[in-house]
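All remarks here apply to the structure that follows.
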Amino acid sequence: MREHGFVSKTWLITGASRGIGAAIARRAVNRGDRVVLVARGEAVEAFAKELRDGGAEAATVRADLTAEGAATRIARDAASAFGDGGGIEVLVNNAALHIGARIGKLDSADYEAVIDAGLVAPFRLCQASLPHMGEGGAIVNIGAVVGRRGFPGDTPYGSAKAGLEGLTRSLAIELARDGITANVVVPGFTETEMTGELDETARQKIIKGIPLRRPAEADEIAQVVEWVSDSRYMTGSVVHVDGGLGARL
């Protein structure tokens, strides 16, 4: 927890019920900050209760980020979640959708769904959050290795994550005058519920390509997200947390 005299920040975190999103939330509350957790499923309610039972201030917004008007409602509810007229100090766009197929078999509707979830929704949430975010605010967008390196069958996800980097750089320039930073954190292969579904052969093939020869723990990604959110002179940057994978590309 933070020492006496520090003012707590309010974090708005999407995709916050598990994996990297949940690890970021734990990091935030462990230092004395407040979190608003956004997800569609019921699991986010149980996670928020777990945090509150541990003495944290945690609120939830159940929403489909791609729905019309969802971003405005999420930002409004997050800014007023704790009843003290506060705003949003840190926005973490972590939620995404992954649907893959080779281009010849890829349904255009699936492509558009991935772009909506991974690029359009973060844009809308940034736009909706800014009126509630003042000087010292931080936007941290969660990227992916596939946004920089091509993988067969990953056209939708790669497009969304590459676009997210472009969005972030432009935001960094626009928001600099307001004292708001915008950066991207790019995780490598990370131990989460989703990657836990891989068969062992695929898992070992991926790990063999990582110079550190192991996956990341979700908290190792969250540690960097925390640091990036606190960095006041870094904006428009892409920070890789991938065990050295990007260094050998």
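The values are calculated or read from the model by the stated rules, or taken from the named source; none is laboratory data. In this text the structure is predicted, and so the values were computed from the model without any measurement. Ideal geometry is used to build each Cβ from the backbone, glycine not excepted, and the neighbour counts take in all protein chains shown.
Some points to look at:
- Residue match in the range 79-95 (condition: farther than 24 Å from L245 by Cβ and assigned to a helix (DSSP H, G or I)): yes
- Close Cβ contacts (under 7 Å, 6 or more residues apart or on different chains) running from residues in the range 51-64 that are under 10 Å from V29 (Cα atoms) to residues that are loosely packed, with under 13 Cβ neighbours inside 10 Å and hydroxyl-bearing (S, T, Y) are absent.
- Flag if I207 is touching a Lys or Arg at 6+ places or on another chain (Cβ under 9 Å) and part of a helix (DSSP H, G or I): yes
- Residues in the range 227-249 that are in contact with a strand residue (DSSP E or B) (Cβ under 9 Å, 6 or more places away or on another chain) and either assigned to a helix (DSSP H, G or I) or basic (K, R) (or both): W227, V228, S229, D230, R232, G246, A247.
- Selection count where residues are buried (at least 24 other Cβ atoms within 10 Å of the Cβ) and in a helix (DSSP H, G or I), scope the range 13-22: 3
- Residue match in the range 133-146 (condition: under 24 Å from S17 (Cα atoms) and assigned to a helix (DSSP H, G or I)): yes
- Residue that is more than 26 Å from D154 (Cα to Cα) and modelled with pLDDT under 95, where the choices are G54, G86: G86
- Restricting the first member to the range 69-92 and to residues that are over 13 Å from R34 (Cβ atoms), and the second to residues that are among the basic types (K, R), the beta-carbon pairs closer than 7 Å and six or more apart or on different chains are A71/R124.
- Yes/no for S8 being polar (S, T, N, Q), in a loop (DSSP other than H, G, I, E, B) and touching an Asp or Glu at 6+ places or on another chain (Cβ under 6 Å): yes
- Across the range 147-164, the number of residues qualifying as assigned to a helix (DSSP H, G or I) and either closer than 15 Å to N94 by Cα or not β-branched (V, I, T) (or both) comes to 10.
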